[in-house]
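Everything below concerns the one structure shown next.
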Amino acid sequence: MTSAPPPASRPDDASAGSPAGPSPTGSPAPAPGAVESMVPAADLALIEEAARKSALVWVRGPHGAVRPLWHVWHEGAVCLVGGPGEQPLDGLGVTDGARVTVSARSKDKGGRLVAWPARVVEPKPGGPEWEAVVAELRAKRLNAVEPEGTAARWAASCRVLRLVPAGPAEQRPGTMPTDGGAAVPPPSPALTRGPMPSGLPTRRRRGGGRGRKAG
């Protein structure tokens, strides 16, 4: 069982993950389709390859713990759906325009291969971008309760998101952290073993205290 990715550092350039619109300096922020220009070509190629080969990505949002989510790679972004009847997105803080960190594992060895910053884009339900993403997700959605009504259900009660790469890879071969990366268990009394109650039966060892019979 692989460990959860440790918290990744955020690039100082916050404008890389900001929604479209004027930046604090007055210059226009990058349009959604132009975010990938901030990602080096080699990093983008590695991100795309890892995301296409992996059935899951691990997403760390502004809030909560890192969470594995199933996805598809489409038009330069990790695309996913969550909500009632689908994978939960509550508690991650993945609002439109939010900054997240995404990591993908190596399909061959199972270890983390690459981690990168991404910007959350939530297409408007029913729009061309939303329809294109939903078509890809529906093709990969397994065991849907009502396959014919999946798109309508997603439009009514779920969220379809695109996680667009928004900067150079924070972790990749050659730049991995030196620690083990294991997640710290949350505090719980169940983690500490106490004395056994005296009223519980004990298990006796077979043959205990018996000597061998003389031959």
| How many residues does the stretch 179-204 hold that are open to solvent by 70 Å² or more (accessible area, probe 1.4 Å) and closer than 24 Å to residue 64 by Cα? | 10
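Quick one: in the stretch 51-67, of everything that is closer than 19 Å to residue 137 by Cβ and hydrophobic (A, V, I, L, M, F, W, C), which residue is surrounded by the fewest Cβ atoms within 10 Å (Cβ to Cβ)?
Kept after step one, since they are closer than 19 Å to residue 137 by Cβ, are these residues of the stretch 51-67: 51-59, 67.
Checking the rest, the ones that are also hydrophobic (A, V, I, L, M, F, W, C) come to 51, 55-59.
Details: 51: 24, 55: 12, 56: 15, 57: 23, 58: 19, 59: 25.
The residue in question is 55.
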| note | Note: among 134, 164, 145, 160, just one is in a loop (DSSP other than H, G, I, E, B), of a type in the set (Val, Ile, Thr) and either open to solvent by less than 20 Å² (accessible area, probe 1.4 Å) or in contact (Cβ under 8 Å) with a residue 60 or more places away in the chain (or both), namely 145
| remark: Considering the stretch 84-99, residues that are in contact with a Ser or Thr (Cβ under 9 Å, 6 or more places away or on another chain) and of a type outside the set (D, E, K, R), and then whichever is farthest from residue 122 (Cα to Cα), we arrive at 85
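Counting only residues that are of a type in the set (Gly, Ala, Ser) and in contact with a Pro (Cβ under 7 Å, 6 or more places away or on another chain), which one in the stretch 84-99 is farthest from residue 65 (Cα to Cα)? Write out each step before concluding.
Here is the first cut: in the stretch 84-99, the ones of a type in the set (Gly, Ala, Ser) are 85, 91, 93, 97-98.
From what's left, in contact with a Pro (Cβ under 7 Å, 6 or more places away or on another chain): 93, 97-98.
Numbers: 93: 11, 97: 19, 98: 16 Å.
The residue in question is 97.
Among the residues of the stretch 119-131 satisfying the criterion of being out of contact with any Pro (no Cβ under 8 Å at 6 or more places or on another chain) and not in a helix (DSSP H, G or I), which is nearest to residue 166 (Cα to Cα)?
Filtering first and then ranking leaves 120.
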| Residue check, residue 43 against (1) open to solvent by 40 Å² or more (accessible area, probe 1.4 Å); (2) modelled with pLDDT of 50 or more; (3) charged (D, E, K, R); (4) in contact with a Pro (Cβ under 9 Å, 6 or more places away or on another chain), all met but one. Which one? | (1)
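Strands (runs of 3 or more DSSP E) wholly in the stretch 68-117 with at least 3 residues that are touching a Leu at 6+ places or on another chain (Cβ under 8 Å) and either more than 16 Å from residue 169 (Cα to Cα) or open to solvent by 20 Å² or more (accessible area, probe 1.4 Å) (or both) - which ones? Working first, answer last.
Numbers: elements: 72-74, 77-82, 99-105.
Strands (runs of 3 or more DSSP E) meeting the threshold: 77-82.
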| request: For residues that are over 16 Å from residue 80 (Cα atoms) and among the β-branched types (Val, Ile, Thr), tally how many sit in the stretch 136-171. | output: 1
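The values are calculated or read from the model by the stated rules, or taken from the named source; none is laboratory data. Keep in mind that what you see is a predicted model, and the values were worked out from it rather than measured. So basically every Cβ, Gly included, is an ideal-geometry build from the backbone, and we count neighbours across all protein chains shown. With ligands, DNA and RNA removed, areas are computed over all heavy atoms of the protein, side chains included. Shrake-Rupley method; radii C 1.70, N 1.55, O 1.52, S 1.80 Å.
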